[in-house]
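One structure is given here, and the rest of the page talks about it.
The values are calculated or read from the model by the stated rules, or taken from the named source; none is laboratory data. Since we're looking at a predicted model, the values are computed, not measured. Using ideal geometry, Cβ is built from the backbone for each residue, glycine included, and neighbour counts are taken over all protein chains shown.
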Amino acid sequence: MAETAAAGAVTLDPLEPRPLVAPHHDDKSLNDTLLDYVWQKPGKGWLMLFGITLTALGGLVLGVSYTLAKGIGVWGNNQPVGWAFDIINFVWWVGIGHAGTLISAILLLFQQKWRTSINRFAEAMTLFAVMCAGLFPLLHTGRPWFAFWLFPYPSTLGAWPQFRSPLVWDVFAISTYLTVSALFWYIGLIPDLAALRDSSKTKLQRILYGMFSLGWRGSGRHWHHYKIGYLILAGISTPLVLSVHTIVSFDFAVSVLPGWHATIFPPYFVAGAVFSGFAMVVTLMVPARKYMGLRDVITDRHLENMNKVILATGLIVSYGYMMEHFVAWYSQSQYEIWTFYVNRARGPYAGVYWLMIACNVITPNIFWFKKARTSIPIMWVAAILVNVGMWCERFIIIVTSLHQDFLPSSWDIYTPTWVDWTIYIGTLGLFGTLFMLFLKFVPAVAISEVKELQQELKHAAAHHGHHGVEQAAAGTLTHGAH
Amino acid sequence: MDAPVLDSWVLAEFATPDDLVKATNEMRLKGFQGMDTYSPYPLHGGSEALGLPPSRVPFIALGGTITGAFTALAMQTYMNTIDYPLNVGGRPLLSLPAWIPITFELAVLLTAFGVFFGVLGLSRLPQPYHPVFEHEAFRSASTHGYWLSVPKLAGVNVDDVQTQLQSLGATQVTVVSGEKE
């Protein structure tokens, strides 16, 4: 490996990693690159995007207020399609959230060092996506001011929640997920908040960042507890992600509805979540790294790796579709066959179905080609298509299964109203607004972790000793830092 | 945190993390106690250099896990089996398999709280004021500086400590006091 390191960007060894951190950085220049964006005055681009997302957020306020004033009759939901846009969007947003935890937790446990530059970004995405997700079931209850009825509290009614219901499991899963993600994100943020405090220019900044950094001073004794704590949080987040989307899939799988009642659902939903989550990370990261000057820490290798994950999970999702169809045929249940072979592919929502197939089954296969995996425009368009495809998947699962089930007498067509669309676009606005604020007020890249990685790479380079430190740090040494 | 409350520290900055770890090791071997290192990221071999015992965070986390799982099982059993029995399609009142999801979630939640408050508690955080912040140059500890603090012990000459630190490669040495005067 040492010999090929000098060969430049094109290398024949498939195990040869591409750079994790551009080699010319030291601690000081990393600070300047990564902290600078926070201290800069917001640029025109930021203000413009913030304006757009804020407008969309206004739409959310409008849609929600109208719903609260008039009741959920203003939505397109009907009998039999009682779960429509609200549950579609709920599942879609939760799924998007999962990539953050996966990048943070699973890649940390597997010692995948390339996660370092993107985990903060992805975790923020998780947090905001889960907030958007949580909004939908809350509104879906119709009377959100009674949402506390879902929690076990000693009520004067003398009744307790029904713990055999997947909907109650959902409440616990989503609230736990949001809390744990927030703790994980915040604890990772503390050292960087301290760095912001210590490089702040005004007294107000110093006080505010000082408050949030809790007096962190990089003490060796603190790091000692911090390191193990962070690892444990990663360890418990990994099964947590799997459990959350498994439980979300139980909402469907535990029923007897054709199209929902399938044992493939938990793994298929988890794979779909990772698929859409990574696609969202690529969608957001491609422009952000360009405009924030983060190319040195979020390298082409990161993007390529994420595209590989999208390809792999895309294939799992395709397998899920195949299994659904196979089991429908194998069971010879006429209701299942109707749903999968007649209604979905040729029924009133066939357009959405084929869009889903095009986006989720065909699109990711472009990443078999290295040219596509490393081409910024191709990956960006593909990632957006995947997001669209995954939304269509949830639409197909929910609407086509509900609108024609066992009795033709109770069949109906579902059409979303303007309120449905406003609330959906509004949550995109909420997500975007929170994200823009995140980019402006905290470092989008975990600085202390990038520095630690840089130091490890240098250590490893010193051990190899055959060639220059910079070459080694750039090219060859991600496989064994110690 | 194990150190007694002291009125002043000798603070020394080192040029690289490796110098800092080496110096910490040397000072510990010389018998200095209650020292602390400060760096923008965890030092390779830093805990060993300070001679710290294994962190107790994992035990606190385990306590959270057990409490969470037990609470969830007890809660569901009491609420759905004893206090408000619900017969759903003739399923047993004590339906343990149905209680796995919530038991798992609550166990994870309390583990996370254990880790979070364990790390903060053992680190004595939040602590908005600390004497080392009095030294302006120390602000580099969170960005690119590598510092060592040696508490001033009774009967030890401060100048002597400073000389020793300088001979170990400290780029600057200073004394900070715990009290504003």
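Per-structure values
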| quantity | calculated |
| --- | --- |
| Qualifying residues in region B:65-114 (those that are aromatic (F, W, Y) and surrounded by 14 or more Cβ atoms within 10 Å (Cβ to Cβ)) - the one nearest to A:T246 (Cα to Cα) | B:F104 |
| Selection within region B:137-176 - exposed (fewer than 14 other Cβ atoms within 10 Å of the Cβ) and within 13 Å of chain A (Cβ to nearest Cβ) | B:A137 |
| Any chance A:L214 is in contact with a helix residue (DSSP H, G or I) (Cβ under 7 Å, 6 or more places away or on another chain) and more than 7 Å from every other protein chain (Cβ to nearest Cβ) | no |
| Residue in region A:310-360 that is nearest to A:V282 (Cα to Cα), counting only those that are assigned to a loop (DSSP other than H, G, I, E, B) and in contact (Cβ under 8 Å) with a residue 24 or more places away in the chain | A:Y349 |
| Test: residue in region B:8-16 that is assigned to a loop (DSSP other than H, G, I, E, B) and not charged (D, E, K, R) | yes |
| Hits in region A:131-153 - residues which are part of a loop (DSSP other than H, G, I, E, B), farther than 18 Å from B:L106 by Cα and without any contact (Cβ under 8 Å) to a residue 60 or more places away in the chain | A:T141, A:R143 |
| Subset of region A:51-75 (residues that are assigned to a loop (DSSP other than H, G, I, E, B) and crowded, with 17+ Cβ neighbours inside 10 Å) | A:W75 |
| Residues within region A:237-286 that are among the hydroxyl-bearing types (S, T, Y), in contact (Cβ under 8 Å) with a residue 24 or more places away in the chain and within 14 Å of chain B (Cβ to nearest Cβ), tallied | 4 |
| Meets criteria (at pLDDT below 90 and of a type in the set (S, T, Y)) for A:T299 | yes |
| Cβ-Cβ under 9 Å pairs, at least 6 apart or on other chains, region A:189-211 side at the interface with another protein chain (Cβ under 10 Å from one of its Cβ atoms) and outside any helix (DSSP H, G or I), far side exposed (fewer than 15 other Cβ atoms within 10 Å of the Cβ) and aliphatic (A, V, I, L, M) | A:S200/A:I207 |
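Results for (1) within 14 Å of another protein chain (Cβ to nearest Cβ); (2) β-branched (V, I, T); (3) closer than 21 Å to A:S243 by Cβ, shown as yes or no for each residue.
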| position | (1), (2), (3) |
| --- | --- |
| A:L135 | no, no, no |
| A:P154 | yes, no, no |
| A:R164 | yes, no, yes |
| A:D170 | yes, no, yes |
| A:A173 | yes, no, yes |
| A:W185 | yes, no, yes |
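Residue-by-condition table, conditions (1) within 26 Å of A:S165 (Cβ to Cβ); (2) modelled with pLDDT of 85 or more:
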site: B:E26; (1), (2): no, no
site: B:S39; (1), (2): no, yes
site: B:L62; (1), (2): no, yes
site: B:T67; (1), (2): yes, yes
site: B:M79; (1), (2): yes, yes
site: B:P101; (1), (2): yes, yes
